[in-house]
1. Scanning for something assigned to a helix (DSSP H, G or I) and more than 21 Å from the chain's Cα centre (by Cα), does segment C:169-181 turn up at least one residue?
2. Name the pairs: first residue in segment A:251-274 and farther than 30 Å from A:LEU117 by Cβ, second residue among the charged types (D, E, K, R), Cβ to Cβ under 6 Å, at least 6 apart or on different chains?
3. Among all residue pairs at least 6 apart or on different chains, which show Cβ distances below 7 Å where the first residue, located in segment C:67-79, is under 14 Å from C:ARG57 (Cβ atoms) and hydroxyl-bearing (Ser, Thr, Tyr) and the second is at pLDDT below 80 and assigned to a strand (DSSP E or B)?
4. Among the numbered conditions (1) more than 13 Å from chain A (Cβ to nearest Cβ); (2) surrounded by fewer than 17 Cβ atoms within 10 Å (Cβ to Cβ), tell me where B:ASP125 comes up short.
5. For segment B:85-99, which residues satisfy the criterion of being at the interface with another protein chain (Cβ under 7 Å from one of its Cβ atoms) and assigned to a helix (DSSP H, G or I)?
6. Would a scan of segment A:290-298 turn up a residue that is over 25 Å from A:GLY25 (Cβ atoms), in contact with a helix residue (DSSP H, G or I) (Cβ under 6 Å, 6 or more places away or on another chain) and more than 8 Å from every other protein chain (Cβ to nearest Cβ)?
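The values are calculated or read from the model by the stated rules, or taken from the named source; none is laboratory data. This is a predicted model, so every value here is computed, not measured. Heads up, the Cβs are rebuilt from the backbone with ideal geometry, glycines too, and the neighbour counts pull from every protein chain shown.
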Amino acid sequence: MSTGRLSPTVGLLALAALAAAICLGRVLIGPAADGTISLAWPEPAYASFRWTSMLVGVTVGTSLAISGVLLQALLRNPLASPFILGVSSGAGLGVMVTRYVEHVTGATWPLPGGDMLPALVGGAAALIVVYLLGRRRGWLDPVTLVLVGVIISTICGALIMFFQHLVPMGLRGDLITWMMGHISEVTPPAVLAVNGGLAVVGLGLGLLLGRAMDAATLADDEARSVGVNLGPLRLAMFALAGVLTAAAVALAGPIGFVGLVAPHAARLLLGPQHTPLVVGAALCGVVFVVGADVGRQAMDFGAGRMPVGIFTALVGGPAFLWLLCSGRGQA
Amino acid sequence: MSVVIDDLHFAYETDPVLNGIATTARPGRIVALIGPNASGKSTLLRCIIGQLTPARGSVLLDGRATHRTPPHRLARRMAYVTQRSTVAASFTVRQVVEIGRFALPNRPDRVDDAIERLDLAEVADRPYPALSVGQQQRVMLARAVAQLGHDGVLVLDEPTSAMDLAHVRMTASLLRELASNGATIIWAVHDVSLAARVASDAWLLADGRLVDDGSICDVMNAEQLSRVFAVGFEWMNRPDGSAVLIADA
Amino acid sequence: MAPHRPAGSTLLLVVALLLQCIIGCTSDGAPDSNSNNPDSASAAPVRLVSLSPAISRTLVDFELDQYLVGCTPFCPTANDATVIGDLHDVNHERLIKLAPTHVLVQPPAGGLSDSFRELAGRHGWALHTWSLNDIGDIAALIDTMPEVFAESAPDLADRARQQAEELSDRLSQALRPLDDGVWRGRTLLLAGTDPVLVYGSDTYLDDLLRAMGVPNATETRHWSQLSMEDVTRLNPEAVILLEAGADESTDPLELAGPIGRLDIAAIRENRVGVLTHPDAILPSSAIIEVAAELRAVLNGFNEADS
């Protein structure tokens, strides 16, 4: 398979997704709905919503996809995904604890950016714990890291359920809504700028680390012998993946499958070398998240717009199974 | 470039593995590292490449301890191939060989040359995981050859264990050629007869101690080998006048 | 070195502990007839268990919550009734120890399990169930509550009938259309602002709006998620946010978050309100108070408009 010939395909798909995000009509609910799908430049009243949600989609897709590439290389495991480090469950716990404290104290905090701050704090806290416990002889160890990540995720999941158990049904619904993921159309520009900036930095650092990640696919002894300083490299990959994931989850909730499927799709199209893979996965992530956000806008099963996290899981799950069964998603 | 091993001690936790190893590998020489299972051969190699930190003593390259040398600097002067290499990605053969140039300037001619010398041109674009173990061993040797300068140190841990005889012979002549160009080669090998044919020097290891080191003729005397390996050895003369070492196994 | 304890005193200690256990068990096993029942002198002691926060909330309005001996963790009752879990996870042992006379249940969609009915029959609990899906169900709950006590406590039933009559009147009053001339534009009821979650048809709050003659701005059903673009397109003339327990002095625009920055009629014409009643989404007699709050908010829009 000629990867050079296929690489424009991803770019074109990404452009198509971006165009659809801006131009595809969304009049499917409400009195103005006429059932037709239109394609036109948005009226000024709606333009900012579409640009904002598109940019959030681009940011989240890029961040999660690059994070997936980094973690699959770090953990030497093609099944690794950004949520394996416990970031999403930590973020969920942050949101749930905030709800619980509000419930107990009777206070309501209209925090700027909604659940973003508690999610960020929770995600970062989980990341720090996983880092502290995932080391051997002072440096991160892939196997220990996976085990610690899974266990921290499970503990955070249990704590989420514990706090859910303590609050009435209405509040339980709040967290379930958050877990479904949400590409906001009204994200404050400053928040978008910080997250977008992080995604760009992630892309740049991902490209810089590309060759080292290639070399790190060798066994540890051999990787060191070709000149890779594995300890600092693994720390950099972990920190970058963790920060990108935490920022994406804080911005849009835990949107599943992006970080798992995007690197595999890119690998299928562009081959396993990490420098092109980082760019390809970022583009696949953009196609996946922005495409899913456009797709979900066209779906209403009686409860309004379908949450984006459900859509990505429903599309990403079968897509991943196809990759797995066709044996083409190998690392 | 000489590798000087200076009173090297190493222990996993409290379990001593290497005890006071002291010897030198010199440029232009192929050193066969021989010894029974669990005698400490692989551990010694991992100390040489700086992966393990000695409990006492050190391995010096250019007067600097290898375990204290930053990997990217060490990689310019020392390459390492293990017995069974894994690559956690579906790289092609060429891409794996290119990894050898990670810490060095990109030299496609060196990569092509290494592929050619290890007889890999036909499989250069095939995925590494799809190859046989013997072919994978040649790919890793090519990677090391692409990395190594003419005066570098090549550290090999059983790199021919799964190769067919023709490729073992090809590898042997490649090692001789590299040595004649000034490389220092340290080669852990189980096949003592092969070592006797190819190497110029030998280090004989038993229970973490250096039993003997020196030229191949001195170290590989049948009596000493029989004592260390608990198997009979015999030198036999061939009609062409050369001698081969035969194990009584 | 530890002081030596004579064997005799150890034995005494063990006996005392055993006695304490036996006494404790005996008193724990029998229903505590004095704990919650101020009318214990009357014919039959009434011991209520409610497995529904909505039913418990209605008992409060009936002033019958004093008879509650067991309830869910989320029942809004002031007395110290024992928490016995909810219908999905009842602590059966604790429930049996409470020896209730009546168990009041809001059954799940699949109906009450046979095993629970059998348990009630075995222990002689009178089971009363109400499905609470719309305002009609709440009216029925109010009307039929007195009959729970008709046989076992006629005095209580009589008193409850008076309460029921009063509550029914108040409910009818609460549901009357807004006064003539009062503003009644298309109103969006919000449960969340980002993502936007709205109360569509088939919800109590939609029932309340319609009863007052105010159209719901959305035609979606149940509890729906909309996009900001949908909200802008719907262009509601008023938005009302549900924020249970919010400080009434907080600026509604601040609570409305991103909705407050949309270019819609409601924001331009300053018709943003907040419902702060803590039981606003409980299908109970609390809906009378919620309706009063909603009416006040809608009347407030009228003043702002005039």
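1. For segment C:169-181, residues assigned to a helix (DSSP H, G or I) and more than 21 Å from the chain's Cα centre (by Cα): absent.
2. Close Cβ pairs satisfying both conditions: A:LEU268/A:ARG328; A:GLN273/A:ASP214; A:HIS274/A:ASP214.
3. Within 7 Å, the pairs are C:THR72/C:ASP86.
4. Condition not satisfied by B:ASP125: (1).
5. B:GLN95, B:ILE99
6. No, segment A:290-298 contains no residue that is over 25 Å from A:GLY25 (Cβ atoms), in contact with a helix residue (DSSP H, G or I) (Cβ under 6 Å, 6 or more places away or on another chain) and more than 8 Å from every other protein chain (Cβ to nearest Cβ).
Here's the yes/no breakdown for (1) assigned to a helix (DSSP H, G or I); (2) closer than 27 Å to A:ALA20 by Cβ; (3) away from every other protein chain (no Cβ under 14 Å):
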| site | (1), (2), (3) |
| --- | --- |
| A:ALA193 | yes, yes, yes |
| A:LEU203 | yes, yes, yes |
| A:ALA236 | yes, no, yes |
| A:LEU244 | yes, yes, yes |
| A:ALA248 | yes, yes, yes |
| A:LEU260 | yes, yes, yes |
| A:ALA265 | yes, yes, yes |
| A:THR275 | yes, no, no |
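Here is a yes/no grid of residues against (1) within 18 Å of C:THR58 (Cα to Cα); (2) loosely packed, with under 12 Cβ neighbours inside 10 Å:
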position: C:ARG94; (1), (2): no, no
position: C:LEU98; (1), (2): no, no
position: C:PRO107; (1), (2): yes, no
position: C:PHE116; (1), (2): no, no
position: C:GLY124; (1), (2): no, yes
position: C:LEU132; (1), (2): yes, no
